[in-house]
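To start, the structure under review is shown below, and the notes come after it.
The values are calculated or read from the model by the stated rules, or taken from the named source; none is laboratory data. This one's a predicted model, so the numbers in the text were calculated from it and none came from an experiment. Every residue, glycine as well, gets a Cβ built from its backbone with ideal geometry; the counts of neighbours run over all protein chains shown. With ligands, DNA and RNA removed, areas are computed over all heavy atoms of the protein, side chains included. Shrake-Rupley method; radii C 1.70, N 1.55, O 1.52, S 1.80 Å.
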Amino acid sequence: MVASAVYLYLNPQLPPVQALREANLQMPLRVYANKGELIGVFGEKFRTPLRMDEVPEQFVNAILAAEDDRFLKHRGVDIAGLLRAAFELLKSGEIQTGGSTITMQVARNFFLSSEQTFLRKFNEILLALKIERLLSKNEILELYINKIYLGKRAYGVAAASAIYYGKDIDELNIAQLAMIAGLPKAPSSFNPVTNPDRARTRRNWILGRMYKLGFIDEETFTLAREEPVTADYYGPMLELDAGYAAEMARAFAVARFGEEVYAQGMKVITTIDSSLQRSAEKAVVEGLQEYGERHGYRGPERRLGKISAAEAIKELKNIPQLRGTEPLMIQKFEAPEGEGDTLVQKFLAMDATGNSTLLEWRAASNPIARYIDENRRDPAVTDLSGLLAPGDVVRVQLHENNVAHITQIPEASASLIALQPFNGAIQAVVGGYDFESSKFNRATQAYRQPGSNFKPFIYAAAFEKGYTAASVINDAPIVFNDAQLETDWRPENASGKFYGPTTLRRALYLSRNLVSVRLLREMGIDEAIDYLERFKLSAGKFPRDLSLALGSYTVTPLEVASLYASIANGGYRVEPFIVSEIRDREDKLLYRANPALACDRCADQQAETLENDNSQNSQAQNNNTALASEDSNSEVEIEVEPEPLAPRYAERVIDERVAFILDSILQEVVQRGTGARANALGRTDLAGKTGTTNGPTDAWFSGYHPQLVATTWLGFDDNRLLGKREFGGSAALPMWMKFMREALRDMPVAVRNQPEGLVAVKIDRLTGLAPTASTTQTLFEKFREENAPEIGTGEEMLHSNVQVELHEELF
């Protein structure tokens, strides 16, 4: 009668267990590269739901042995277990164990709180009985193994396998499966990372239960019990190092769908190409390491002095391993052997596990010189003990035969961003040396002066106004008086020299500063700014002074890459984007990018499309979803999959003939100008421009193949000087080359099609005049038809609008 009364009282208040059939487990936001590689997981709960046929049989046995060995026999409630719990309560006066079956735990995890009260226990029992009538044993187990909390933000066994072992669940051995099976009872107390001894005791108890229940034989039990605790914290299992890209995609998803994306299992597919991303990461890391080696070794990462092994291990565990480097504490040095290229020295060093290894340093491949300042360093050492001491922590790259390459974490920063010039899809992005160390994305968030990297767009404005690549400007000293400046401004070329009358082609590919300043002065600052505003850069108003010619306006590397894309694609402004699709947990489409395409044969469609694409794109891409929380267990409502969007066409910002002429000049930058180092790539279809700012504080290179644009930057976050021998061509270009060498490995040489409306005229390459008997270098220069010169004699200037300033002191 009492039981009936309790049932009649509680039953109407119980939640409907039918909701379990449609339960939406809280799942994190996952971000993928364009071919499906996982690059990011975001959310409070890491979970990867599994079907029962994906769960190893021995894990099921381990769970049953640990939690409920009579699960397959009872109907949701184990009377023996409840009686045992009641006996413990009477004996101790406290609730020691709850006697909960797996079914009762499912009821509690989905519908109830975890407080230990009699009322909750009665509700748990009644819900378990209902669940057993509704669901099969396999369905109940599937809910359980995907729902349970297993520590370190891991929910479900698949997440726990990745978090603790860095593997899929079907790759674990019996000892590791038993370790995970021991976590539901107390995820903190039995955690193998924070409490390995207690975790081992719990694991071995479960193995004993499995042996007693006949799930494993004696040999397996004995061997598994002796297994060491191999768990560590691995975090989510990512397939590609692309933290900056993943963060950009996360921010986009949150901006579009709100904070609930972290729990609804959405999948964000990015435009990132995994092969290009790996090449970009490698290029930036190596570029920063090479810059550091050029300027010298700053010393050990830490000086621990004379401390115990236990203290040293504790210190080393707090120092992260970064980019294939490992922190080691030096214990002792042996005497150097050999000299010159054969100089080697062995030293004993300890790692974070307490293991000591005798390592070999080779001076020829790893020269180490002490850093003095950005322009000076000491001679390379011949004995490490003169620079380092026992107790010092050094960062090492370990190679075969215990060869150690001693390196350091860079203090400088760098970035690389690459995109497709015809639609703006970002193919690779690296915003710094290591994302976990610094999440500031220098490729998209750092506003820096681009220096000469900006010059091509000053020249583009001039060419559209009527100047030509053969126009001549005098490369001569010039002084500007400005009341707002403390001293007169005297711009100089990087070489400190002056070269007299120079064609604009030659001035650009050799990056002559004075020609650029004079060109902007002749053209007019207002004219140039009116032209530059069509690129819609984000740093606000342009400076209304001649420093604009030398790149004083601040931009992000992403903006610079998009500027160069407009030359590579024939004159169109593309909008960079990184998210191509967003799908829900059921793979239904929620969002699809519809980038504006650079299309030089779409002029008729372009005007109509540009007029109506904003309203259509807004309507289609705002197909939001009514997101349900895990607690509500309601179905996620998805609107109808968006209809395919009409093509959008990019706005033309550079005359196609001007873009072609600029492209031909930027090819000369790579062939014979400030970027000539890139000739080492052995290609004839590359173009680009170096950039270096005053100090220098910033080094740039932006360049492209017709199918891929990339911008590299190197500098200090606090604007420290890079060193007087550092330029765009020495600091940034090598990173670009490393990236492009891999990116273009299997890409055929591209041929650029010349647009209509251009004519070729033979001129003297150096003077821009008609060739004479004394001409040594000629060039068929390209002109827009309306600007083509009528060459009479060699004394005529090719551009009648430009007067050459001849300074007496130069001649």
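What the table shows:
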{"quantity": "Rounded percent of accessible protein surface that carbon and sulfur make up, region 206-305, 1.4 Å probe", "calculated": "50"}
{"quantity": "At 1.567 mPa s and 4 °C, Stokes diffusion of region 453-521 via Kirkwood alpha-carbon radius, µm² per second", "calculated": "103"}
{"quantity": "FRET efficiency, residue 173 to residue 717 (Cβ-Cβ, R0 45 Å, nearest 0.05)", "calculated": "0.50"}
{"quantity": "Segment residue 545-residue 254, length gained on full extension (0.36 nm per residue, minus Cα span)", "calculated": "100.7 nm"}
{"quantity": "Whole-Hz couplings from phi, Karplus 6.51/-1.76/1.60, listed for region 296-302; x for Gly and Pro", "calculated": "x, 8, 8, x, x, 5, 8"}
{"quantity": "Local net charge near residue 213, Cβ-Cβ under 14 Å (Lys/Arg +1, Asp/Glu -1)", "calculated": "-2"}
{"quantity": "Percent carbon-and-sulfur accessible area, region 350-501, ignoring ligands, DNA and RNA, probe 1.4 Å", "calculated": "46"}
{"quantity": "Derived scalar couplings ³J(HN,Hα) [region 668-675; Karplus, 6.51 cos²θ - 1.76 cosθ + 1.60; whole Hz; x for Gly, Pro]", "calculated": "5, 4, 6, 7, 9, x, 5, x"}
{"quantity": "Relative contact order of region 424-505, defined on C-alpha pairs under 8 angstrom at six or more residues apart (%)", "calculated": "23"}
{"quantity": "Rounded if a/c under 1.5, otherwise prolate or oblate - region 283-428, Cα gyration tensor axes", "calculated": "prolate"}
{"quantity": "400, 668, 139, ranked by accessible area, largest first (probe 1.4 Å)", "calculated": "400, 139, 668"}
{"quantity": "Mean accessible surface per residue for region 460-558, computed with a 1.4 Å probe while every protein chain stays in place, in Å²", "calculated": "42"}
{"quantity": "Virtual spin-label span in nm between residue 342 and residue 534, 7 Å along Cα→Cβ", "calculated": "6.7"}
{"quantity": "Amide H partners (placed H, <5 Å) of residue 475, local residues excluded", "calculated": "499, 500, 502"}
{"quantity": "Neighbourhood net charge (12 Å Cβ-Cβ; Lys/Arg +1, Asp/Glu -1) for residue 345", "calculated": "-2"}
{"quantity": "Candidates per GluC sites (Glu not before Pro) in region 416-517, loop by DSSP, up to 11 other Cβ within 10 Å", "calculated": "436, 486"}
{"quantity": "Proximal charge balance of residue 413 [Cβ under 12 Å; K/R count +1, D/E count -1]", "calculated": "-2"}
{"quantity": "Protection-proxy order for peptides 273-285, 342-354, each taking the mean of Cβ atoms within 10 Å per residue, highest first", "calculated": "273-285, 342-354"}
{"quantity": "Which of 241, 746 is most accessible, then next, and so on - probe 1.4 Å", "calculated": "746, 241"}
{"quantity": "Per residue solvent-accessible surface (Å²) - region 672-777, probe of 1.4 Å", "calculated": "43"}
{"quantity": "Listed residue pairs exceeding 28 Å between alpha carbons, taken from 45/439; 282/314; 314/738; 152/332", "calculated": "282/314; 314/738; 152/332"}
{"quantity": "Region 188-267: GluC sites (Glu not before Pro) in DSSP coil with no more than 11 other Cβ atoms inside 10 Å", "calculated": "226"}
